[in-house]
Amino acid sequence: MWPGIKLIAGAVATEGDPEFGISRGRLLPQHHVFSDREITPQTRQLLQDSLVLVHGGMAQNVGPILEMVTEAYLLRSREQWLARREAMDILDEIAEALKAGDLRRLGQLTGHNFSGPLQRIIPWCSNRYTESLIEQCQAEYGADFWGFWMLGGMAGGGMGFIFDPKVRQAAADWLQQVMLDTKQEMVHSLPFAMDPVVYDFAVNDDGTRATLSATGSMPRSYYELVIPDLLRRDIQGLSPSRRVELQRVGQMCRVADANDDTPMRDLAERLLDRMLPAASSAHSDSQSLDKLLADNGFDPIAHHQLREDILSGRVGLPQNRLPATSRIEDVLPEDVIDARRLASTTDISPATEALAGGKVAVLTLAAGVGSRWTQGAGVVKALHPFCKMAGKHRTFLDVHLAKSRRTGQLFNCYPTHIVTTGYMTDGPIRNYLDAVEYPGEKFVSSGRSVGLRMVPTVRDLRYAWEEMPQQLLDEQQEKMRQSGRAALNNWARCQGEASDYRDNLPMQCLHPVGHWYEVPNLLRNGTLRQLLQRQPALQTLMLHNVDTLGATLDPNILALHLQSQACLSFEVIARRLEDRGGGLARVNGRPRLVEGLAMPNEEEEFKLSYYNSMTTWIEIDPLLDMFGLSRGMLVRQDLVDMAIRNMSRRMPTYLTLKDVKKRWGNGQEDVFPVLQFEKLWGDMSALPEVHSRFIVVPAVRGQQLKEQAQLDGWYRDGSAAKIEELCAW
């Protein structure tokens with residue numbers, strides 16, 4: 001908008017500003033545009049000749065980063081405040097370097113600003129991808145690489161690399177390929193939206209401007225976006241200017257022919273592609289879906305039973321919740337084992353013997369992509385390099401393996417580490433683990449349970465729309481919403497309620513079925529059988545979620561579990577305000593874990609003192625006995641499948657509605673609500689024959705990182721440092 005090179009500075013609100021008397025600062029900053037006398041044309045040309053301007057291809061939500069920065073500013077945190085003062089001093093030096101025409105100095109300053117004060121204010125502005133590019137530039141060009149320049153709220157998108165002008169063009173070509181190669185290496189770990197780009201650019205000395213076109217027509221891409229929507233409307237309801245626009249486009253489509261070399265030559269064909277769907281490959285998609293289902297352990301018998309339960313009303317959105325007559329109370333002190341108080345007085349010799357004798361293994365649940373963590377980006381959460389420890393960006397799996405490595409060093413026996421995967425994460429996790437060194441045994445437990453989405457019932461749609469909390473809209477918006485809902489009800493009836501949802505890309509028809517299946521998958525895919533054959537002494541598994549970073553083979557906690565003689569010992573932590581999704585409760589007088597979906601009303605959750613960390617100590621033989629199996633029976637696949645199917649029938653089934661996009665034609669898409677189900681591990685505590693105990697552990701051990709917005713608080717409160725102490729790199 002403003003021309004040339006400018007300095008943007010906050011301004012104090014003065015009389016006459018709308019903010020005066022309300023805010024100390026003015027909303028609109030001051031823009032000082034540097035003149036040619038301040039920054040010469042020669043310096044501007046030198047900037048263009050030395051700066052390689054790129055987009056690294058990453059797409060991230062900078063909102064949480066800006067919130068963290070604002071919080072640090074408002075709290076006047078000392079370290080961040082001093083870093084901010086240093087950054088302001090660097091800004092003054094940057095202006096002086098530009099005025100002096102010293103681009104080498106400019107590169108040093110921008111690079112120092114990124115690696116120094118910016119990362120002290122907020123470490124998450126950097127990432128492994130960006131720092132890898134910087135390291136490769138330094139290694140390849142040495143003194144000819146003058147510095148890195150971050151051009152956004154966080155690195156990975158808009159970035160600048162400053163080189164000596166004599167190598168700048170060669171460096172630009174080299175950097176394009178390096179960014180592509182590095183992206184391919186990290187494509188499953190970080191959120192990339194496109195291939196990296198090196199830009200051709202120039203300093204804009206005119207700012208934003210417009211020219212009057214004598215032709216009176218807009219670019220073809222404008223018509224491709226606008227005209228299909230206009231044609232779907234009632235032409236009598238269009239404004240006169242819109243009707244004239246349609247007439248003009250119609251005339252352009254009529255006069256254009258195949259020999260016309262104007263931009264409008266193929267406009268009619270492009271508009272037809274936008275409005276009419278292309279031919280689909282339904283038969284090949286169906287074959288691909290059937291193969292995907294078979295490869296990932298789809299159980300058609302259980303699926304058919306689920307459909308019958310949905311149609312009969314035994315399973316549905318209303319049935320997710322416990323009956324309204326259920327008595328939900330907070331647990332009593334005798335219902336839990338408080339490790340925070342008892343750990344120091346417990347005899348840990350049985351636990352240390354078990355750890356030294358190879359009787360305990362770690363089971364890390366990493367089947368999901370963690371859509372909450374990346375806000376929908378297609379990455380594997382377990383492989384996300386989320387934090388720097390010991391000078392390097394570490395992934396979640398790096399941290400968990402480092403803790404197991406530390407345990408092996410302490411007890412002279414490296415515990416077997418099992419990582420569970422799903423149909424979207426298996427390949428990347430296997431490749432990653434193959435490249436990681438770990439002295440003990442590593443196993444990958446592939447997902448052998450997957451669900452096929454269904455068309456929802458009208459009963460469930462109405463419940464979701466009428467019984468669940470809804471935003472109140474104005475009269476016209478409400479009419480539109482009701483019309484859309486009526487169309488979706490009709491779609492569900494026409495498709496067949498609770499019928500298989502197959503009218504989409506195969507991957508859009510599948511869904512994960514919940515973390516309850518991760519332990520049965522060990523039985524179904526043969527991992528547990530293979531593990532017990534190699535390690536017959538194995539007795540105990542510590543199951544934990546991939547984002548529960550503090551979970552370790554702590555002999556104090558293990559001793560409490562062994563002492564309780566429980567089949568399952570669930571770890572819980574004291575509830576904090578942000579912990580949502582159920583917790584530990586007495587339900588009709590019996591302590592058990594209750595999922596958030598099962599709460600009869602939201603208020604009940606706030607009565608509970610403890611939150612489920614998902615970490616569970618499992619005794620293998622009692623668990624097999626509960627399934628009706630033994631170690632020797634694991635070789636019989638038919639018996640294993642039947643045992644899992646029978647046990648799953650006893651577990652609560654939670655139905656959820658998921659909006660799924662269906663793309664067709666050229667850029668068209670529809671959104672349909674579909675049904676999918678899940679079964680959750682915590683509900684094992686509800687089975688009366690399962691001997692379950694509940695251990696209260698410190699918050700740092702049980703805290704889960706579900707969203708990147710939690711990272712700053714996790715780092716500042718010392719949790720990151722405590723977890724790093726548990727690791728051996």
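Summary of computed values
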quantity	calculated
Length released on extending from Ser241 to Gln169, taking residue separation times 0.36 nm less the Cα-Cα span	21.1 nm
Percent carbon-and-sulfur accessible area, segment 500-619, ignoring ligands, DNA and RNA, probe 1.4 Å	48
Largest-first ellipsoid semi-axes for segment 83-152, taking √(5λ) over the Cα gyration tensor eigenvalues, angstrom	20, 18, 7
Cα centroid of segment 516-546 to Cα centroid of segment 562-633, whole Å	19
Projected label distance in nm at Asp144 and Met218, using a 7 Å step from Cα toward the beta-carbon	4.7
0 to 90° range, to nearest 10: angle between helix 240-255 axis and the chain longest Cα axis	80
Rounded D (µm²/s) - segment 1-104, Kirkwood Rh over Cα pairs, Stokes-Einstein at 10 °C, 1.306 mPa s	93
Computed label-point distance, nm, for sites Gln305 and Lys661 using a 7 Å Cα→Cβ extension	3.7
Beta bridges per DSSP with both ends in the chain, % antiparallel, nearest 5	75
Once exposed loop GluC sites (Glu not before Pro) are cut out (DSSP; at most 13 other Cβ, 10 Å), longest piece of the chain	16-436
Cβ-Cβ FRET estimate between Val690 and Asn646, R0 fixed at 22 Å, reported to 0.05	0.90
Cα principal axis extents for the chain, largest first, Å	82, 63, 55
Theoretical FRET efficiency, 1/(1+(r/R0)^6), r = Cβ-Cβ of Gln409 and Gln119, R0 41 Å, to 0.05	0.85
Stretch gain in nm, segment Arg76-Asp500, where the contour uses 0.36 nm per residue and the Cα spacing is subtracted	147.0 nm
Value at 222 nm in deg cm²/dmol, rounded to 500, when DSSP H runs of n ≥ 4 in the chain each add -39,500 (n - 2.57)	-12000 deg cm²/dmol
Length gained when the stretch Trp729-Arg24 is fully extended (0.36 nm per residue, less Cα-Cα span)	248.9 nm
Two-site FRET efficiency, Leu473 against Ala13, from Cβ-Cβ distance with R₀ of 60 Å, rounded to 0.05	0.95
Accessible solvent surface per residue of the chain, calculated while the other protein chains remain in place, 1.4 angstrom probe, Å²	49
Heavy atoms of Ser449: accessible area, 1.4 Å probe, square angstrom to 10	20
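The values are calculated or read from the model by the stated rules, or taken from the named source; none is laboratory data. Quantities reported herein were computed from a predicted structural model and do not represent experimental measurements. Methodologically, a virtual Cβ is constructed for each residue, glycine included, from the backbone with ideal geometry; neighbour enumeration extends over all protein chains shown. Ligands, DNA and RNA are stripped out before the accessible areas are found, and what is left, the full protein with its side chains, is counted by its heavy atoms. Shrake-Rupley method; radii C 1.70, N 1.55, O 1.52, S 1.80 Å.
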